[in-house]
1. Mind listing which GluC sites (Glu not before Pro) in segment 170-246 are in a DSSP loop and have 12 or fewer other Cβ atoms within 10 Å?
2. No solvent, one uniform scatterer per C-alpha: report log10 I(q)/I(0) for segment 152-230 via the Debye equation at q = 0.16 1/Å, two decimals.
3. May I have the extent of the alpha carbons of the chain along their three principal axes, as whole Å values ordered from largest to smallest?
4. Among His83, His304, His221, which comes first, second and so on when ranked by fewest other beta-carbon atoms within 10 Å?
5. Explain nothing, just the number: relative contact order of segment 109-186, from Cα pairs under 8 Å at least 6 residues apart, as a whole percent.
6. On the first, second and third principal axes, largest extent first, how far apart are the outermost C-alpha atoms of segment 233-302 in Å?
7. Measure off 7 Å from each Cα along the Cα-to-Cβ vector at Thr115 and Leu32, then give the distance between these two points in nanometres to one decimal.
8. Sorting Val153, Val82 on the 10 Å Cβ count, fewest up front, what's the list?
Amino acid sequence: MPETPPFRLGTRRSPLAMAQAHEARARLCAALGWDEAQVELVPVVASGDKIQDRPLADIGGKALWTRELDIWLAEGKIDAAVHSMKDVETIRPAEIVIAAILPRADKADVLLGATSLSAIPQGARVGTSAPRRAAQLLNARPDLEVVGIRGNVATRMAKLQAGEADATFLAAAGLARLGEDSIGTRLDPEEWLPAPAQAAIGIECRANDEGAKELLSAINHRPSAEEVLAERALLEGLGGTCHSPIAALTRRDGDRLHMTAAIYSPDGAIRIAREATFAPGDCDAARNLARELLAEAPEHVAAHFGGVA
């Protein structure tokens, strides 16, 4: 055992969350020259994992993924917490800071149950509880029926097998991290925009814990962090919630970032999309893009967002 107390890394207990925590530990130990025994994984069952029968937006939103780990951080039970960044609320407690973003994986969604969106049979039932996926699907295929489906990767695949839906979506990054990247059809993220911060693993710690911040800075992947912070600034500008259908893709354009963002009416009938190119770290540019989207949106669409046009 190490002579000093191990660095305690909190994580949700789901298989995907544990895979992400193992990746975070491996990267931290490799960067610092540590033995893996010097980083202890501390799992917690999050509220979002306990409640599987209702859409996330109806039972408390993204806070259900972070609440328990936030409490453990505040109480000093863990030194840092590993999160899927797309599940982390845009506005975080002042006592907590994002200390590292790991290298971002494939941002795309994967379609299960059909070889393409156009190949989904007329009138089929597509399972998703994500407003973005539902609205984007109905925008492309208004003939389809959206049915609510939640749960981890294995649960959703089982529900598909059981006939609760004819097709569904999963994140390519999550499947890859679970060794399931051979299933489904990858959707081109340029055409089927992903969720903001999709495929990014983030690590948070206490804002006043200078030691933890310094350690975690060793595994912060700056290009990924720049993309994720820009997309979170877009969310902030839109006032996005778990009810808001928002999609965004950020890619490098030389030494600048190019962001494509879209907002939808929940039924998919209206899609508003705009693009912007700006310097990394210019979060105001992402917020301005949000304002442009809201300014173009009809009032009944803008009502689903908390930002100010």
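Derivation of every value follows stated rules applied to the coordinates shown; laboratory data play no part. Quantities reported herein were computed from a predicted structural model and do not represent experimental measurements. Every residue, glycine among them, receives a Cβ derived from its backbone with ideal geometry; neighbour counts consider all protein chains shown.
1. On the way: sites: Glu180, Glu190, Glu191, Glu204, Glu210, Glu214, Glu226, Glu227, Glu231, Glu236; in loops: Glu180, Glu190, Glu191.
Hits after loop and neighbour filter: Glu190, Glu191.
2. Debye curve over Cα of segment 152-230, log10 I(q)/I(0) at q = 0.16 Å⁻¹: -0.79.
3. 63, 45, 36
4. Values: His83 25, His304 21, His221 17.
In order of increasing Cβ crowding within 10 Å: His221, His304, His83.
5. Averaging sequence separation for qualifying contacts and normalising by length gives 47 percent for segment 109-186.
6. Sorted from largest, the Cα extents of segment 233-302 read 37, 21, 18 Å.
7. Each label point lies 7 Å from its Cα, and together they span 5.0 nm.
8. Neighbour counts put them in this order, fewest first: Val153, Val82.
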